[in-house]
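Everything below concerns the one structure shown next.
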Amino acid sequence: MHTLHSLFFPESVALIGASSDPERIGGRVLRFMIEGGYKGTIYPINKGEAVVQGLKAYKNITEVEGQIDQAVIIIPAAGVETALRESISKGVKSVQILTAGFAEIDEAGKVQQQKLVDICREHNVRMLGPNALGLLNLSNQFSATFSTALNGLRPVKGHIALATQSGAFGSATYGMASLRGLGFSKIIATGNEADVDVAECIDYLAEDPETKVICAAVESCKDGNRLRLALLKAARAGKPVLIMKAGRTEVGATAAATHTGSLAGNDTVYDTVFAECGAFRPQSIEEMLDIAYVCVVAGALPSNSDVAILTGSGGIGILMADHASDHGLALPPLSAQACAAVNEVLPFAVAANPLDTTAQVTSVPGGVTRTLDALLTHSSCATVFAYLAHVGLSPTRFQSTSDEMIALKARFPDRSLVMVMLATKEVAAVLDTHGIPTFADPSRAVLALGGAYQLALRREKLATPGTGKPAAKSASPLGDVSTEAAAKKVLADAGLPMLPERVCDSAESAAATATSFGFPVVAKISSPDIPHKTEVGGVMLNLQDAEAVRLAYDELIRRAKAAVPGARIDGVLVTPMVKGGVETIMGIHMDPTFGPMVMFGSGGTAVELFKDVAFASAPVSEARARELIDAVKSSQLLRQWRGGPQYDEQALVDAICKLSEFGEAHAGVLESIDVNPLVVREKGAVCLDAVITLR
């Protein structure tokens, strides 16, 4: 049995801080338990009253006779530790601490919160909170929360679960959902997450037989690998996870001095991990609930991206087609068989996708459902939308069409049939019970199905990422990597392709080295204090002879001293000049939550301007490396763009994989790696610059 089971299914609960005033926090929690119909035993704990809201009260939890499964603590912070110890002495299996005033306040509160964690772990007790809004279990009507949302509504039983750090986010979400008739299995707000966090809740809900869809929201994450594993567990259990992350516009928690660090941004990493683990990140609560609604009602995710649209309005059909394209859905042309079948029903219609039936469809008996039948029978579209304007507002007139729709859905149970129309709650509810979602807004309908398809697509490509921890076998020490030459030497030893090069300490040495390599060559300043050489004029290209190299040596030294006075200068690095090829960038960003992340994108000096990059958890397989390449728009330059050559993608894939393995192996000491550019040639690839930053 999962360790969180005791939080949701206590047979007896002690409410420490219960109040007779039903509007005070301690009173609301008790009132909501009673009003919700909780069948277990409730023990109000109140030092000053013998009866609280009609129930016998106790001055102290230790006075209660018999077993207590859970304690809910809602008293001032100063008394929480004592209350916790007394609760544990009564044998509770779990505790909810709804009291605020701990780690969210100051350092002293953080210390006190850790004491609570230590006490619970010593006695194998699970703790929700502190500073939590509590939870609701709709299967046993356990409503242990003080959310004022319950003053005006009651969530109904259903198959959506909600786990969130923020209590306000949670109550807003289930309030919005309840107003539109969506039902829940479990709702939990984790607060400070001293013990139980959203990741562990997802892990629990992945096993919960009453939950079909998991909605979640996080503000931060303490254990990235636990979240990864929980999301993967849910995906493999066939349960869609819709997860929101607050702070989309915040820069990364560790802004490194390399391009990779500045581009990664914590939010981008969250996006990447969610996608790799089969979850989808909605942009609003409304979108999250729309997708959850589709998943619960339809019962299955779309099997492909193809959609067909039937509409009595050309304008609405065009609008939906535009949105479909925006959200990864495709509108294939109708087959000859489909066109013939449609024209047999509607000889006046132009058989196309979207299919505009015009208003004349109403003059054809069963015109709408017969046309939908033709679309379903003669296409492989996983989803068929039917825009029916406002016909659903007249239940009597719509009854025959509703019956036909339900029969049609029964014939095509594996396809999504989606109604887009204004409808009464009763009409929509009947369609819902037969697996047919109904939307008033055509744009929201398409957006929801687009999200559902992304969930299906991601489920087919679940990652098996590393843990973000150092490799089991300790990697060889990196040594000095403070300069380009030193960094490239380490990466070359890891199997990344490099050119011959040498750091020279005089103009004559540089000229002799260039002569031995053959002209033209490149000369670069070599200094541990100048990681981005182009910013100080520290690179000179296409040097054609020895004299040019001598002059370049002196000029590079002069520029470096002028730009960065006091910089340590090792000399000038000389290497052969590479012409042609496609410049790319790859790197490693050590995310503080999720560990080593691989970056790939369009390289060169404008990388931060265009930000045409993608990320993946390290290490990556060849297949994942190819997906990473495909995610970058400029990768088309590798593939005979406008009559150009085909470049060596396999060499690029090999380089990305080797860098990712190196990043995972040295995760314990790395901050970031930046290889820019990595030039992909018609045969092979080569790293032309590299920066390694250690912690």
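The values are calculated or read from the model by the stated rules, or taken from the named source; none is laboratory data. Note that the structure is a prediction, hence the values are computed from the model and not measured. Every residue, glycine as well, gets a Cβ built from its backbone with ideal geometry; the counts of neighbours run over all protein chains shown.
Some observations on this one:
- Enumeration of residues in segment 662-680 that are charged (D, E, K, R) and crowded, with 18+ Cβ neighbours inside 10 Å: Glu664, Asp674
- The set of residues in segment 111-130 being surrounded by 17 or more Cβ atoms within 10 Å (Cβ to Cβ) and at positive phi consists of Gly129 alone.
- Residues (in contact (Cβ under 8 Å) with a residue 60 or more places away in the chain and more than 42 Å from the chain's Cα centre (by Cα)) located in segment 565-586: Asp570, Gly571, Val572, Leu573, Val574, Thr575, Pro576
- Boolean, Val52 is surrounded by 19 or more Cβ atoms within 10 Å (Cβ to Cβ) and in contact (Cβ under 8 Å) with a residue 40 or more places away in the chain: no
- Residue within segment 640-649 that is touching a helix residue (DSSP H, G or I) at 6+ places or on another chain (Cβ under 6 Å), of a type outside the set (Asp, Glu) and surrounded by fewer than 24 Cβ atoms within 10 Å (Cβ to Cβ) present: no
- As a summary of the residue check, Ala389 satisfies the conditions (1) under 23 Å from Ala440 (Cβ atoms); (2) assigned to a loop (DSSP other than H, G, I, E, B); (3) touching a Ser or Thr at 6+ places or on another chain (Cβ under 6 Å) except for the one numbered (3).
- The requirement of being within 29 Å of the chain's Cα centre (by Cα) and under 29 Å from Lys425 (Cβ atoms) is fulfilled nowhere in segment 78-101; no residue meets it.
- Checking Gly468 against (1) at pLDDT 95 or above; (2) surrounded by 19 or more Cβ atoms within 10 Å (Cβ to Cβ); (3) in a loop (DSSP other than H, G, I, E, B), the condition it does not meet: (1)
- The one condition in (1) of a type outside the set (Val, Ile, Thr); (2) farther than 27 Å from Arg121 by Cα; (3) assigned to a loop (DSSP other than H, G, I, E, B) that Met1 fails to fulfil: (2)
- If you filter segment 486-511 down to residues that are over 11 Å from Leu543 (Cα atoms), small (Gly, Ala, Ser) and crowded, with 17+ Cβ neighbours inside 10 Å, you find that the one that is nearest to the chain's Cα centre (by Cα) is Ala487.
- Test: residue in segment 101-120 that is under 23 Å from Lys47 (Cβ atoms) and in a loop (DSSP other than H, G, I, E, B): yes
- Residue in segment 166-179 that is touching a Gly at 6+ places or on another chain (Cβ under 9 Å), part of a strand (DSSP E or B) and at pLDDT 95 or above present: no
- Look at segment 114-139: where a residue is closer than 15 Å to Gly170 by Cα and a partner is buried (at least 24 other Cβ atoms within 10 Å of the Cβ) and of a type in the set (D, E, K, R), sitting 6+ places away or on another chain with Cβ atoms under 6 Å, you get Asn137/Lys186.
- Residues located in segment 77-100, provided they are more than 20 Å from His123 (Cα to Cα), assigned to a helix (DSSP H, G or I) and out of contact with any Phe, Trp or Tyr (no Cβ under 7 Å at 6 or more places or on another chain): Ala78
- Residue within segment 32-39 that is under 13 Å from Thr145 (Cα atoms) and either in contact with a Cys (Cβ under 7 Å, 6 or more places away or on another chain) or without any contact (Cβ under 8 Å) to a residue 24 or more places away in the chain (or both) present: yes
- The criterion of at least 2 residues that are touching a residue at least 60 places away in the same chain (Cβ under 8 Å) and in the same structural domain as Ala429 (by TED's automatic domain parsing) is met, among helices (runs of 4 or more DSSP H) falling completely within segment 263-354, by 314-326.
- Thr164 meets the conditions (1) touching a Lys or Arg at 6+ places or on another chain (Cβ under 9 Å); (2) buried (at least 24 other Cβ atoms within 10 Å of the Cβ) in every case but one. The failed one is (1).
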